[in-house]
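Take a look at the structure below.
Each value in this text was obtained by applying a stated rule to the coordinates, not by laboratory testing. The shown structure was predicted, so the numbers you read here are calculated from the model rather than taken from an experiment. FYI the Cβ positions are ideal-geometry reconstructions off the backbone, even for glycines, and counts take in every protein chain you see.
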Amino acid sequence: MTDTKNENSKPWLRACINFRAGKQLPSCGGVGSREMVASLINAIEEAGIDWRVEAVHCMGQCHAGPTMRILPNGPYIMGVRESNVPDVVQKLKAGDLNGLAVAYPMPSRN
Ligand code: FES
């Protein structure tokens, strides 16, 4: 999949809602991404901000989810829980995408 066709699009959030039953393989859905994404979509609508959330099934970062990314070319936003949604929406509303990435970084693999 390529995002190049969307380079001129306004930014949006892609969010993983993949759920794997059982405990052998981690998944974003297994750590609450479905509930978080539903809450995020509602909060964005209530805030009246112009952000779209695209729900997808797996972004290859299953161990560190819930996984989101600002597209077309933005950073990953990792580990957001439902309780973090007001903070995320506040940062989106303020246009503070760097702050969002700093608050919810990709964990180090070291
Ligand atoms: S299950 Fe969410 S990134 Fe793979």
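General observations
- Nearest-ten-degree value, helix 85-94 long axis tilted from longest Cα axis of the chain: 30 degrees
- Additional length obtainable on full extension of the chain from Gln90 to Glu35, 0.36 nm per residue less Cα span: 17.9 nm
- Environment charge at Ala47 (Cβ cut-off 15 Å; Lys +1, Arg +1, Asp -1, Glu -1): -2
- Each residue of segment 21-28 is assigned a 3J(HN,Hα), and the resulting list reads 5, x, 10, 6, 10, x, 8, 4 Hz, derived from the Karplus form 6.51 cos²θ - 1.76 cosθ + 1.60 (θ = phi - 60°), x at Gly and Pro.
- Each Lys and Arg Cβ is given +1 and each Asp and Glu Cβ -1; about its Cα centre, the chain then shows a dipole of about 380 debye.
- Estimated D of the chain in µm² per second, where Rh is the Kirkwood radius over Cα pairs and Stokes-Einstein applies at 10 °C, 1.306 mPa s: 113 µm²/s
- Per-residue HN-Hα couplings for segment 71-83 [Karplus 6.51, -1.76, 1.60; θ = phi - 60°; Hz; x = Gly/Pro]: 10, x, 9, x, x, 6, 10, 10, x, 6, 9, 4, 5
- Cα-only radius of gyration and Dmax that characterise segment 53-110, units Å: 11.1, 33
- Net charge of neighbours whose Cβ lies under 12 Å from the Cβ of Gly65, counting Lys and Arg as +1 and Asp and Glu as -1: +4
- At full extension, Lys10 and Asn42 could sit 9.5 nm farther apart than now, given 0.36 nm per residue minus the alpha carbon distance.
- Between the Cα long axis of helix 33-47 and the first principal axis of the chain there is an angle of about 10°, rounded to the nearest 10.
- Every helix of 4 or more DSSP H residues in the chain counts as -39500 (n - 2.57), and over all residues that averages to -8500 deg cm²/dmol at 222 nm.
- Net charge over other residues, Cβ less than 14 angstrom from the Cβ of Glu82 (K, R count +1; D, E count -1): 0
- Mean-position separation - Cα centroids, segment 80-108 and segment 24-41, in angstrom: 16 Å
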